Amino acid sequence: MATLARLLPQAGHALSRQARPAWVQWLLAAVAGGSQALALAWPWGVADADWLSSHQGWAVLWRPEAGQPWPLLQVLAMALLVCLVRAAPSIRAAGLLAWLFATAWLSATFWWLFVSMHTYGGLSAPLAAAAVVALAAALALYYSLVLMLFKALSLNGYGFVAIFLNALLWAACWTLAELARGALFTGFPWGSVGYAHVDSLSWLAPWVGVYGMGAVAAGAAAVVAGGVGLAGRGQWCSMGAGRRAPLRRWVRVAAGALVLAVPLALALGPQWRASLPELTRPHGDLPLLLLQGNISQDRKFESESGVPEALDWYGRHLGGAVPVPSGGLVVAPETALPMLPQQLGGQFWQPLLQEVADQGHAVLLGLPLGNPHEGYANGAWAITPRQAWLAQARLGQGESPQQLDKPDLEAQGSPVYRYDKHHLVPFGEFVPPLFRWFVDLMAIPLGDFNRGKLGQAPFEWGGQRIAPNICYEDLFGEELARGFVHAGSAPTVLVNLSNLAWFGNTVALDQHLHISRLRALELGRPMVRATNTGATVVIDHTGRVTHAQPRMTRGTLAATVQGRSGLTPYAHWAARWGHGPVFWSAVLLLLWGAVWPRRPLK
C-alpha cells in the first residue's frame, strides 16, 4: 500500500501521456490490479483467531491480518486505475489499461485454481497456469469494454462537480462489468470488490448487497483519484494573479480533505453498523456439531485409503460419537461420503440410521447422488430421527438406499430430505460446450452433474427452516434470495457444505469465508459452514464469526446458532427482481452521462 500511496500523488499530473511511456502505465496497471487482489484477503502474516470479533475502526484500514480484507488498499488500487484511465491518450489505450488491471487482479485472486488443475487434476503446470490466466483475461474484457465507455463519457476538468459526476459514472460502469461477470455464461463473480469491504461497508450489505457495496467502493476510489488530480492541478482556479497562489493552497487543502474523507468513512463503517437497528428478529436456538474430516484431496476418492477413512470417521461422528444435544443437528461437508448411497449398501446405512433414531439428533451430510440412468448430482441428505426410523423400515424391506429420497405415498413423503446443487462449477461439475477435451485431460471424478432446481424448499428441524447450499453457491446471493419471497416460509438458518481441499491451504479458504460472511449480512441470517479442510465456522447474522475450527485439522466444532426471521431490504428486492434494481440504476446513470453536456466543468 505504501507503493500505491507514493504513486497516487503523481497520478494527477505525472501519469499524463507526455510524462510516462506506455509500458510504465501498463506496469502500473498490473501492479494496481495485483494490489486489489491482495486487498480481498491479505495472504501474509499469522492469523489472529480473535480478529473478526475484535477488529474495529481504524485498525480495519491500517493493520492487515492474515486472511482478512484490506479495504483501503482496494480503494487506493482502483484510484490508481482511475488516474491511468483518465490520463490515457485514447479510448483504446484506456481499454488496454483496464484489461491489464483486471487480468492481473483476477489472476492473482483465483490463482489457486492452478492447484486444483495441476496438483489434483493432473494437468501439466504450464497448461494449468495458462488456463488460469486465460480465464482471467477473458473475464477482464468486461472491464475493458465498460471503462472504454467511461473514458468516452467522462467529464473533463478537476472541479468538484466534475469529480463527483465522474465518480458516479465510474461506479455505474464498474458495476455493469461486475454484473456481467457474475451472470453471463453461468457467472463467476469470485473476487468482486465488495468483498474487500465486508467489514468497512457492512452497514450497506442488508440494503444494497455486494454489488451495491462494490459500486460505493468504486465511486470512493474515483473520488480519491479526483481529489489527487485536484491537488496536483490547482491551477484550474482562474482568479487574478494576486489571489491565485493562496487560492491554490485552499484548493489543495480541500482536495486533501476530500481524499481523507474516504478512509474516514471506511473506518467508521463498523461503528455505523453497530448503531443501526436490527432488520431481523431472533427465531430460537439450534445446537450444532460441525464435522471437519481434513481428508487430503489426493486420497479422498481412493478406495484403499481415503474412502474407508471418510466412511469410518464421518460415519461414527454422524451417528453420535461426540454427544449432541437432543434436537441438535450434525453437519458434514460436501461429498463427506465420497460414494453413492447404493454403493454403501445397508451395512453402512442401517447402523447409522439406528444411531440417529436413538440419539434424537438430525444429520445433514454431503454426498454424490444419482445413477447412470437418471444422471448424477452433487447433493446433500438431511435425516431426522423419525425419518431415520422410516428409512430403516424401507431398507429392511429390501429397498435400495438410492430410493430413500424418493416419495412414498404410504409414508406420506420421503424419509430423507434431498438437496441438489443448482449452480454448478464449470469444468469441475459440468462440461461447457466444446470443452470436453479439456476436462478429459484432468483426473477429476464425476465431472458432469445434473443441475438442481432453483429455490428448493428448506429442511425443517428444531423449529428452524434450514437452507443448504453447496460449495460456491453462496457466491450468488441473488439465487439464495429466491427462498425469501415469502417471509413466513423463508429460511431461518443457512448452511454451506464445502470441500475446498481442491485448493490446498491457500487464500481461497479466506476468500470463501468472506463470501459467506457477506451472504449473512445481506440476508440477515446466520451462515453455518461445514468444510473438509476449512473454514468450518459459525457466522451470525451480522457477519461475525462466533465459532471456528482450526483449519487443516481434523475435529468437530460444537456451537449453538440463533436462527433469524424477517426480511432485510436486500432479501426483499433480490428475491423478486434479482440484479434488476442494481442493473437499471447503473444503466440510468450511464444514460444520464451520455446526455450531459460535454463541456469541461470547473
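For every residue, the table says whether it meets (1) of a type in the set (Phe, Trp, Tyr); (2) assigned to a helix (DSSP H, G or I); (3) at pLDDT below 95.
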residue	(1), (2), (3)
Leu97	no, yes, no
Leu100	no, yes, no
His118	no, yes, yes
Tyr158	yes, no, yes
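Of all residues in the stretch 258-307 being in contact with a Gly (Cβ under 8 Å, 6 or more places away or on another chain) and modelled with pLDDT under 80, which is farthest from Ala558 (Cα to Cα)?
The extreme case among them is Leu258.
Does at least one position in the stretch 560-577 carry a residue that is modelled with pLDDT of 95 or more, of a type in the set (A, V, I, L, M) and touching a strand residue (DSSP E or B) at 6+ places or on another chain (Cβ under 6 Å)?
Yes, there is a match, as at least one residue in the stretch 560-577 is modelled with pLDDT of 95 or more, of a type in the set (A, V, I, L, M) and touching a strand residue (DSSP E or B) at 6+ places or on another chain (Cβ under 6 Å).
Can you tell me which of (1) buried (at least 20 other Cβ atoms within 10 Å of the Cβ); (2) more than 19 Å from the chain's Cα centre (by Cα) is the one Leu127 doesn't meet?
Condition (1) is where Leu127 drops out.
Considering only residues that are more than 28 Å from His541 (Cα to Cα) and open to solvent by 60 Å² or more (accessible area, probe 1.4 Å), which ones fall in the stretch 573-593?
Trp584, Leu588, Leu591, Trp592
Got a sec? Which of Tyr570, Tyr472 is crowded, with 23+ Cβ neighbours inside 10 Å and farther than 18 Å from Leu364 by Cβ? I'd like the intermediate steps shown before the answer.
Numbers: Tyr472 fails: crowded, with 23+ Cβ neighbours inside 10 Å.
Answer to the check: Tyr570.
For the stretch 498-510, give me each residue that is crowded, with 24+ Cβ neighbours inside 10 Å and under 16 Å from the mean Cα position of the chain (by Cα).
Ser498, Leu500
Give the residue, chosen from Leu395, Leu424, Leu390, Leu404, that is crowded, with 18+ Cβ neighbours inside 10 Å, modelled with pLDDT of 85 or more and out of contact with any Leu (no Cβ under 8 Å at 6 or more places or on another chain). Break it down into steps so the answer makes sense when it comes.
Numbers: Leu395 fails: out of contact with any Leu (no Cβ under 8 Å at 6 or more places or on another chain); Leu424 fails: modelled with pLDDT of 85 or more; Leu404 fails: out of contact with any Leu (no Cβ under 8 Å at 6 or more places or on another chain).
From the options Leu395, Leu424, Leu390, Leu404, the qualifying one is Leu390.
Across the stretch 204-236, which residue is modelled with the highest pLDDT among those that are over 30 Å from Leu523 (Cβ atoms) and open to solvent by 10 Å² or more (accessible area, probe 1.4 Å)?
Only one residue fits best here, namely Val228.
List every residue pair whose Cβ atoms lie under 8 Å apart, where the two residues are 6 or more positions apart in sequence or sit on different chains, the first residue falls within the stretch 130-144 and is open to solvent by 20 Å² or more (accessible area, probe 1.4 Å), and the second residue, located anywhere, is of a type in the set (A, V, I, L, M) and not in a helix (DSSP H, G or I).
Sorted first by the residue in the stretch 130-144, then by its partner, the pairs are Ala131/Leu123.
Give the residues of the stretch 328-371 that are surrounded by fewer than 17 Cβ atoms within 10 Å (Cβ to Cβ) and either farther than 27 Å from Asn450 by Cα or not hydrophobic (A, V, I, L, M, F, W, C) (or both), sorted by residue number.
Hits for the stretch 328-371 are Gln342, Gln343, Gly345, Gly346, Gln347, Gln350, Pro351, Gln354, Asp358, Gly360, Asn371.
The values are calculated or read from the model by the stated rules, or taken from the named source; none is laboratory data. None of these values were measured; they are calculated from a predicted model. Positions of Cβ are generated from backbone atoms using ideal geometry, with glycine treated the same way; all protein chains shown enter the neighbour counts. Remember, those area values only see protein heavy atoms, side chains included, never the ligands or the DNA or RNA. Shrake-Rupley method; radii C 1.70, N 1.55, O 1.52, S 1.80 Å.
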